[in-house]
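First comes the structure, then the notes that go with it.
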Amino acid sequence: MVKRNCTTRLSRKVVSIILTQTDTTVGFLSQNETKLQEIKSRTSDKPFIKVYPDFKSFKKDKNRVPNTQKLKVRRSKKTTFIVKESAFRVAKNQLDSILLNSEWYYSTSANETSKSFDRVFCEEKTDIIIENKELLHEGKPSSLFKINSKKRRKLR
């Protein structure tokens, strides 16, 4: 066993863009919304999904869900919700949230706008790649619901 004195740690490093397998598909994660907009060539009026590792982090970020929808949100899996023009998803026990120890990330699919996953494009645009033995693969995107206190409408 070799011990090394290393001054940098992953959790202390300022991370710009991360490429990882999310709970649904391959995604870019970052706390820098501007950098994600540049990569995706997206206008600033289209917001990103905010991904939380648990509901404690979600509440700590001063978010609220209408009382009539709380049970549905808590029990949902692989689902994104929009409440008052703010999109969020709680992705429990994911590799990215465990390793990077952050309370939230902006998330978007890892591809060029309206195109499918291209590993070469993604590797050029990221600072860190997190990959497990199953490798990176494009999967079905999360379901998307717009909710308010009275109803829930499926968008995707």
Original post:
Looking at Lys56, is it at pLDDT 85 or above, exposed (fewer than 15 other Cβ atoms within 10 Å of the Cβ) and in a loop (DSSP other than H, G, I, E, B)?
Top reply: no
Subject >> Number of positions in segment 142-156 that are part of a loop (DSSP other than H, G, I, E, B) and surrounded by 15 or more Cβ atoms within 10 Å (Cβ to Cβ) >> reply: 1
**OP:** Could you identify the single residue in Ala87, Ala110 that is small (Gly, Ala, Ser), surrounded by 15 or more Cβ atoms within 10 Å (Cβ to Cβ) and either over 18 Å from the mean Cα position of the chain (by Cα) or at pLDDT below 85 (or both)?
**Re:** Ala110
Subject >> From Val26, Val65, residue being buried (at least 17 other Cβ atoms within 10 Å of the Cβ) and farther than 13 Å from Ser107 by Cβ >> reply: Val65
**OP:** Consider Ile129 carefully, then state whether it is more than 20 Å from Glu33 (Cβ to Cβ) and crowded, with 17+ Cβ neighbours inside 10 Å.
**Re:** no
Subject >> Contacts under 7 angstrom Cβ, first residue in segment 24-46 being among the β-branched types (Val, Ile, Thr), partner in a helix (DSSP H, G or I), 6 or more apart >> reply: Ile39/Lys125
**OP:** For Ser44, work out the one condition from (1) at pLDDT below 85; (2) of a type in the set (Ser, Thr, Tyr); (3) surrounded by 15 or more Cβ atoms within 10 Å (Cβ to Cβ) it doesn't fulfil.
**Re:** (3)
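The values are calculated or read from the model by the stated rules, or taken from the named source; none is laboratory data. Since we're looking at a predicted model, the values are computed, not measured. For neighbour counting, all protein chains shown are included, and Cβ atoms are generated from backbone atoms with ideal geometry for every residue, glycine included.
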